[in-house]
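For reference, the structure is listed below as structure tokens.
The values are calculated or read from the model by the stated rules, or taken from the named source; none is laboratory data. Model, not experiment: these values are computed from the prediction. Backbone-built Cβ (ideal geometry, glycine too); neighbour counts: all protein chains shown.
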């Protein structure tokens with residue numbers, strides 16, 4: 001029978017921490033790679049840092065940043081979010097015509113690359129010299145009834161005037177984004193318990209109000225993170241507007257400066273730094289929105305840079 005010992009007589013156990021030598025090997029390797037990268041930035045004369053700083057802030061470049069990149073991102077995302085919500089609601093409809101149309105729209109604009117859509121929309125003027133809205137087959141109907149000059153056109157505009165490169169690019173990017181946003185919104189709506197909608201309907205609340213007041217506010221927790229990622233992707237995809245073509249765009253202007261001076265690489269680095277800076281700002285905004293709409297959820301994951309910067313837990 002073992003002898004009883006008081007807590008003061010018990011020898012403390014020696015705790016030996018688990019050693020992780022390969023972690024230090026990985027840290028050393030990363031440190032060497034980082035030093036090599038910094039050495040390249042400092043010693044390689046082809047970066048031409050002075051030339052990049054002198055030319056990266058020219059008025060045409062800033063104009064391209066504001067009008068083409070930032071404004072283009074906002075316009076395309078507005079089209080994508082608004083139309084995406086509509087398409088998502090149509091996709092969830094019990095009406096087979098609405099759900100089928102929404103599925104067809106999503107299928108087409110998710111399948112075709114954005115650069116192809118931009119070039120396609122920019123060349124729609126080949127199909128029509130004028131964009132006219134009215135009764136379809138009006139000339140044929142007039143000829144059928146013996147009225148050869150019959151026209152039922154409500155509104156018309158010259159195609160070259162309406163479909164500028166920027167407008168074509170915004171339509172292509174906006175419609176493409178709407179297809180992706182439709183799937184994001186649909187997933188967010190389906191993440192909300194149907195019992196809440198059924199309870200609201202039992203109280204006599206209309207479907208539209210149920211969607212606005214009950215479903216969408218809760219679905220935002222699921223919708224916001226991928227929407228932030230889509231916004232960052234759209235910021236980068238505005239560089240495709242050069243295929244429309246749109247000349248007042250950040251990447252186009254920076255590349256034009258490099259081409260004119262026969263020193264392209266520093267301007268490409270400037271473009272990468274511009275996109276990196278703006279995308280970082282968008283990531284901070286996205287983190288704030290995630291904290292706002294996810295305030296009611298208990299989460300244990302680290303918030304990364306935002307938590308380090310502002311402190312505290314969710």
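Kindly indicate whether any position in the stretch 218-237 is outside any helix (DSSP H, G or I), in contact with a helix residue (DSSP H, G or I) (Cβ under 7 Å, 6 or more places away or on another chain) and surrounded by 22 or more Cβ atoms within 10 Å (Cβ to Cβ).
Checking the stretch 218-237: not a single residue is outside any helix (DSSP H, G or I), in contact with a helix residue (DSSP H, G or I) (Cβ under 7 Å, 6 or more places away or on another chain) and surrounded by 22 or more Cβ atoms within 10 Å (Cβ to Cβ).
Any idea how many residues of the stretch 69-100 are touching a helix residue (DSSP H, G or I) at 6+ places or on another chain (Cβ under 6 Å) and either buried (at least 19 other Cβ atoms within 10 Å of the Cβ) or part of a helix (DSSP H, G or I) (or both)?
Qualifying residue count for the region: 18.
So that you can scan it fast, the table gives a plain yes or no per residue for (1) within 29 Å of residue 237 (Cβ to Cβ); (2) modelled with pLDDT of 90 or more; (3) surrounded by 15 or more Cβ atoms within 10 Å (Cβ to Cβ):
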| site | (1), (2), (3) |
| --- | --- |
| 123 | yes, no, no |
| 127 | yes, no, no |
| 131 | yes, no, yes |
| 134 | no, no, no |
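Given the condition modelled with pLDDT of 85 or more, surrounded by 14 or more Cβ atoms within 10 Å (Cβ to Cβ) and within 21 Å of residue 76 (Cβ to Cβ), answer yes or no: does some residue in the stretch 191-213 qualify?
Looking for residues that are modelled with pLDDT of 85 or more, surrounded by 14 or more Cβ atoms within 10 Å (Cβ to Cβ) and within 21 Å of residue 76 (Cβ to Cβ), one finds none in the stretch 191-213, hence no.
Being assigned to a loop (DSSP other than H, G, I, E, B) and without any contact (Cβ under 8 Å) to a residue 60 or more places away in the chain narrows it down to one residue among 262, 288, 277; which is it?
Result of the check over 262, 288, 277: 262.
Against the definition (within 30 Å of residue 124 (Cβ to Cβ), modelled with pLDDT of 85 or more, in contact with a helix residue (DSSP H, G or I) (Cβ under 8 Å, 6 or more places away or on another chain) and not in a loop (DSSP other than H, G, I, E, B)), how does residue 241 come out, yes or no?
So residue 241 fits the description; yes.
In this structure, is residue 176 closer than 25 Å to residue 98 by Cα, under 30 Å from the mean Cα position of the chain (by Cα) and at pLDDT 90 or above?
Spelling it out, residue 176 is indeed closer than 25 Å to residue 98 by Cα, under 30 Å from the mean Cα position of the chain (by Cα) and at pLDDT 90 or above.
Residue pairs, Cβ under 7 Å, 6 or more apart or interchain, first in the stretch 30-43 and under 22 Å from residue 266 (Cα atoms), second assigned to a helix (DSSP H, G or I). List them.
41/47
Any idea how many residues of the stretch 101-118 are without any contact (Cβ under 8 Å) to a residue 40 or more places away in the chain and not in a helix (DSSP H, G or I)?
Summing the residues that are without any contact (Cβ under 8 Å) to a residue 40 or more places away in the chain and not in a helix (DSSP H, G or I) in the stretch 101-118 gives 1.
Which numbered condition trips up residue 142, out of (1) in a helix (DSSP H, G or I); (2) at pLDDT below 75; (3) touching a helix residue (DSSP H, G or I) at 6+ places or on another chain (Cβ under 8 Å)?
(3)
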